[in-house]
1. Could you tell me which residue of the range 142-163 is surrounded by the most Cβ atoms within 10 Å (Cβ to Cβ), considering only residues that are of a type in the set (Gly, Ala, Ser) and more than 16 Å from ligand 1 (Cβ to nearest atom)?
2. How many residues does the range 67-101 hold that are within 16 Å of ligand 2 (Cβ to nearest atom) and either in contact with a His (Cβ under 8 Å, 6 or more places away or on another chain) or not basic (Lys, Arg) (or both)?
3. Does the range 7-19 contain at least one residue that is within 19 Å of the chain's Cα centre (by Cα) and either buried (at least 24 other Cβ atoms within 10 Å of the Cβ) or on the phi > 0 side of the Ramachandran plot (or both)?
4. Go over the candidates Ala233, Ala186, Ala195, Ala247 one by one and state the one that is in the same structural domain as Tyr99 (by TED's automatic domain parsing), over 30 Å from Gly92 (Cα atoms), out of contact with any His (no Cβ under 7 Å at 6 or more places or on another chain) and among the hydrophobic types (A, V, I, L, M, F, W, C).
5. Would you tally the residues in the range 343-359 being out of contact with any helix residue (DSSP H, G or I) (no Cβ under 8 Å at 6 or more places or on another chain), touching a residue at least 60 places away in the same chain (Cβ under 8 Å) and assigned to a helix (DSSP H, G or I)?
6. Tally up the residues in the range 364-383 that are more than 13 Å from the chain's Cα centre (by Cα) and not basic (Lys, Arg), please.
7. Of all residues in the range 177-223, count the ones that are of a type in the set (D, E, K, R), closer than 24 Å to Glu123 by Cβ and buried (at least 22 other Cβ atoms within 10 Å of the Cβ).
Amino acid sequence: MTTSPLRTNSARLNESLMSLAQLGKTAKGGVCRLALTELDKQARDLVVSWAKAEGCAIRVDQIGNIFMRRAGRRTNRGAVATGSHIDTQPTGGKFDGNYGVLAGIEVIRRLNELNIETDAPIEVCVWTNEEGSRFVPVMMGSGVYAGAFTLAHALEAKDRDGISVSEALSAIGYNGASPASVSDGAPTFDAYFEAHIEQGPVLETAERPLGAVTGALGQRWYDVTITGMEAHAGPTPMSLRKDAMQAAAQLVTATRDIAMAHQPHGRGTVGSMDMFPNSRNVIPGRVRFTVDFRHAEDATLLAMDAALRARAAEISQQCHCSIEIQQVVYFAPTHFDAALVQSVRTAAAALGHEAMDIVSGAGHDAVYAQRTAPSAMIFIPCKDGISHNEIEDARGEHLSLGADVLLNAMLARAGRSS
Ligand code: HGY
Ligand code: MN
Ligand code: MN
């Protein structure tokens, strides 16, 4: 006898999303809640208060990851976990990351409401600094957990004002005590699911309400520093200049050209740039900018790296400037656990929908979770495929459907004792 699939409470989920979105809300309807700021603390406190109200035990680790645990009948089984992040981009939206955490809270609320005891514990995670906007590396909390980089490397990372992760964590009171990495003894999961908006146009264009995420693009992030010579914009002949901006302009264009040469999955973005001294009648002596490369194949991502460095060497010669390229993030393309991805398709089908297989262009904490336990993601469409933008939006029926899939997939994995 197959039981009919459970449903979450869409009104309650939406209410939680809108309440959390108040913390850092912007005039344009988005959210600016950078990692480890006072606003991040308030959001963390709010989510923890909701989990405590559901009887969850709370654990905070040394990089500030929060684990909110609902007990299962068997205490010796790894938790069936879910979660995401609540830090946002400076011009972020209400749903990126926040949706995955609150869908997890809704799963716990619904299981409590239905008095369902699961075999395995259920856990909802809030991962520290997923966005990588204030502090690099990106997906920092889950990366430390999975051993992608050390706790020390993460704690010493500094923002533009020279504040370290360690100082910021202490300032908001989330410098937890429990081990932050699996290798240091952090508990491993039985499985990890993450619900997230797609942040691209594929599902909406295909008019599909659910995505079964089979994997994610690999990424390489760089800090580029170009050094020339400040000089007067008037008396300095063009042939004698060491103009760092002219060199930067060519390398920025090369970033796009390299991505375009590796379609359909190639991505190349220069998202942040500073110039010095930034005065209209001084030839720029130094330009710093970021490069974000992505691809579905690791070998191609490496070829893009080589192309960038080769082009930089040419430009350096031509412009008489030095060019330093420092790689600050690397992770290979991810393939999520096939059986767990199948459980997402099965839960979607039980709810009357055929989930569309899709590869994530964005990185997610599930990418690092997959290094430690079988992981899978559930995508829902977002309006016009727009994200990392204050106008980010998603439809209520998709938000609740994604949470329904999460609830049923997690329950199937955790097992039901009552
Ligand atoms: O950059 C990403 O893919 C994610 O939003 N951190
Ligand atoms: Mn995200
Ligand atoms: Mn994001």
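The values are calculated or read from the model by the stated rules, or taken from the named source; none is laboratory data. Keep in mind that this is a model prediction, so the values were computed, not measured. With ideal geometry, Cβ positions are generated from the backbone for all residues, glycine too; neighbour counts draw on all protein chains shown.
1. The selected residue is Gly147.
2. Step one: filter the range 67-101 for residues within 16 Å of ligand 2 (Cβ to nearest atom), giving 82-101.
Going one step further and asking which of them are either in contact with a His (Cβ under 8 Å, 6 or more places away or on another chain) or not basic (Lys, Arg) (or both), we end up with 82-93, 95-101.
Residues meeting the conditions: 19.
3. No, because not a single residue in the range 7-19 is within 19 Å of the chain's Cα centre (by Cα) and either buried (at least 24 other Cβ atoms within 10 Å of the Cβ) or on the phi > 0 side of the Ramachandran plot (or both).
4. Working: Ala233 fails: in the same structural domain as Tyr99 (by TED's automatic domain parsing); Ala195 fails: over 30 Å from Gly92 (Cα atoms); Ala247 fails: in the same structural domain as Tyr99 (by TED's automatic domain parsing).
Only one candidate passes the filter, namely Ala186.
5. 1
6. Number satisfying all stated conditions: 11.
7. Total meeting the criteria: 1.
One line per residue, one yes/no per condition, for (1) within 28 Å of Arg294 (Cα to Cα); (2) in contact with an Asp or Glu (Cβ under 9 Å, 6 or more places away or on another chain); (3) without any contact (Cβ under 8 Å) to a residue 12 or more places away in the chain; (4) among the small types (Gly, Ala, Ser):
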{"position": "Arg220", "(1), (2), (3), (4)": "yes, yes, no, no"}
{"position": "Thr225", "(1), (2), (3), (4)": "yes, yes, no, no"}
{"position": "Arg241", "(1), (2), (3), (4)": "no, no, no, no"}
{"position": "Gln250", "(1), (2), (3), (4)": "yes, yes, no, no"}
{"position": "Met260", "(1), (2), (3), (4)": "yes, no, yes, no"}
{"position": "Ser279", "(1), (2), (3), (4)": "no, yes, yes, yes"}
{"position": "Pro284", "(1), (2), (3), (4)": "no, yes, no, no"}
